[in-house]
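One structure is given below, encoded as structure tokens.
Please treat every number below as a calculation from the coordinates, not as lab data. Note that this is a predicted model, so its numbers are computed, not measured. Note that each Cβ is placed from the backbone with ideal geometry, even for glycine, and that neighbours are counted across all protein chains shown.
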Amino acid sequence: MIRFRPMEEADVDRVFANELRSYAYPWTRGNFLDCLRERKDCRVAEVNGEIVGHGVLGVAAGEGHILNVCIARDQQGHGYGRALLEDLLDRARSAGAEIVFLEVRPSNRVAIELYESAGFNAIGLRRNYYPAPFGHEDAQIMAIDMRSELSAGTV
Ligand SMILES: CC(C)(COP(=O)(O)OP(=O)(O)OC[C@H]1O[C@@H](n2cnc3c(N)ncnc32)[C@H](O)[C@@H]1OP(=O)(O)O)[C@@H](O)C(=O)NCCC(=O)NCCS
């Protein structure tokens, strides 16, 4: 059974350990601490009391931005990523977001499949946004219209 709660500073070591194992270019510990201090909506997902994932959301002026969605490498493929995304979208909706954006590497097919099946659409590219082994990789910008009942219902 997965449950979600706000991330606390005491969680950051565990969250950072999961982050390091799950991304080729992870956030730093400081990035998480900054998000907590900036009062971003930082969430952890727990299964049997263990932190299996984390997500970070910012909402301002009716716009949400999902800044991080991560499931620990050894916990992937069990539906936790979808549940975490659903939690973040619920939080965005409650905070008044009418639209939610995120960025993803075009090479990250697993994440793109997840976002598309949740109702996100590709709306543009940010050129040379991410570091990559040989230079940089574009970011695909995706968005979901929270006012559309169809989108909300498909998550
Ligand atoms: C992307 C990520 C969050 C998905 O989490 P997850 O728990 O593994 O995903 P789920 O088990 O909830 O699966 C959700 C959907 O992802 C897609 N998916 C999952 N595993 C997949 C795979 N091996 N191949 C293709 N698609 C896959 C499917 O669409 C799946 O839906 P389905 O099970 O109904 O077919 C996770 O893989 C992760 O943390 N990756 C590293 C960090 C990252 O890339 N984050 C996204 C940055 S934008």
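At-a-glance table
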item: Within a Gaussian network of the chain (alpha carbon springs, distance under 10 Å), most fluctuating of 101, 134, 16; result: 134
item: Label-point gap, in nm, between residue 21 and residue 39 - each point 7 angstrom along Cα→Cβ; result: 3.4
item: Max mean-square fluctuation residue, GNM over the chain, Cα-Cα springs under 10 Å, options 39, 82, 93; result: 39
item: All-pairs alpha carbon distance profile, the range 1-112, 5 Å steps from 0, percent; result: 2, 12, 24, 25, 22, 12, 3, 0
item: Kirkwood Rh in Å, taken over the range 13-65 so that all alpha-carbon pairs contribute; result: 12.0
item: Relative contact order (percent, whole number), the chain, Cα cutoff 8 Å, 6+ residue spacing; result: 18
item: Theoretical gain in end-to-end length, residue 90 to residue 46 [0.36 nm per residue, Cα-Cα removed]; result: 14.1 nm
item: Three-way shape label, the range 63-143, alpha-carbon gyration tensor, a/c 1.5; result: oblate
item: Compactness of the range 1-42 - radius of gyration and Dmax, Cα, Å; result: 10.7, 30
item: Listed residues 92, 60, 22: farthest to the positive end of the dipole of the chain (Cβ charges); result: 22
item: Over the chain: helical MRE at 222 nm, DSSP H runs n ≥ 4 each giving -39500 (n - 2.57), nearest 500; result: -9500 deg cm²/dmol
item: About the Cα centre, charge dipole magnitude for the range 1-128 (Lys/Arg +1, Asp/Glu -1 at Cβ), debye; result: 280
item: Listed residues 136, 54, 65, most fluctuating in the chain (Gaussian network, C-alpha, under 10 Å); result: 136
item: Cβ-derived FRET efficiency at R0 41 Å, residue 61 paired with residue 113, nearest 0.05; result: 0.85
